[in-house]
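Okay, so here's the structure we're looking at.
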Amino acid sequence: MKKASELGKVAVDAYKSAPDKGIVFHERYLDLKESEQRKMRILNKHLLPSDIATEGEFELPKVRPYSGPIPEIFIPYSARVCYKSQNKGVYCHIDDTCFGTTWTRPVAALKKIGKYMVAIAPDHTLWVDGLKCENIEQLRKTRTTQLFWQNNGVDTIQTASWGDADSIKSYAFDGLAEDSWTSIGHQRVGNKMEQRLFRFGIQTLVEKKRPLGLIIFGTPLDFDPGVPVIIKPSFISKLRKL
């Protein structure tokens, strides 16, 4: 059995081998001492260059639009890479624990999603009753991961999510691209207040970002958002039918 120190060395070696694969990191990351690299990895600051564009009061990374083809089949990130994956998409509209490695093991995740035709950006949960700082950190993870994937040649479709009405009006869509296909996870909404909040989120997204269309994973919309809509089944919606 390996000691903890040996396991730690294996993890460090994995990062050191990443440059050989041509992965794009922060421009200073590879020149730093290992102790300084570890500091950058604490918040995954090594994943993006220092000169990225940002948007909004909280300076969320600005991702790039996707206007390409939409695959017929999407596979959940938690599943194994499937046969003919280059013709399929991969999505993260599942429980956060099922795609946590996109943040905790970003290099390994990059190699996995790079085998698909297109990837849906991680959908880190925003809470209606959550603290603003918590929701903003969730958005930072989503935008950072998407831009890291894009910088490394992976076609990625942005994910829109929100918490309460204030998040919709102020920061929830900061960093999203205009004129892009946009993905949303949608499970059946319960009471009327939740329904109004969801519709307000969609309407505000369309007004602010003018998406080319929406890819809804889960329950179909019961209203016309004013842009094309593609409905895809999600892992969670399939479970609820059992």
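Observations on the model:
- Here the simple spin-label model places points 7 Å from the Cα toward Cβ, and for T104 and E134 these points are separated by 1.9 nm.
- Peptide ranges 210-217, 30-37 listed from the most packed, as the mean C-beta count within 10 angstrom indicates: 210-217, 30-37
- For the chain, the fraction of C-alpha pairs farther apart than 30 angstrom is 26 percent.
- Environment charge at K88 (Cβ cut-off 14 Å; Lys +1, Arg +1, Asp -1, Glu -1): +3
- Calculated FRET efficiency for the pair L212/R38, C-beta based, R₀ 41 Å, to 0.05: 0.50
- Shown for H124, H26, H93: other C-beta atoms within 10 Å of each C-beta, ranked fewest to most, produce the order H26, H124, H93.
- For A79 and V227, a Förster radius of 25 Å and the Cβ-Cβ distance give a FRET efficiency of 0.30, rounded to the nearest 0.05.
- With each label modelled as a point 7 angstrom along the Cα→C-beta vector, the T54-N191 pair spans 3.7 nm.
- Per residue convex hull volume, Cα atoms of region 113-232, in Å³: 99
- Mean separation of Cα pairs under 8 Å and 6 or more residues apart, divided by the residue count, gives the chain a relative contact order of 17 percent.
- For region 92-131: rounded, prolate or oblate by the Cα gyration tensor [a/c cutoff 1.5]: prolate
Computed from the coordinates by the stated procedures, all read-outs in this text should not be read as laboratory data. Everything numeric in this text was worked out from a predicted model, so none of it was measured. Cβ atoms come from the backbone with ideal geometry, glycine included; neighbour counts cover every protein chain shown.
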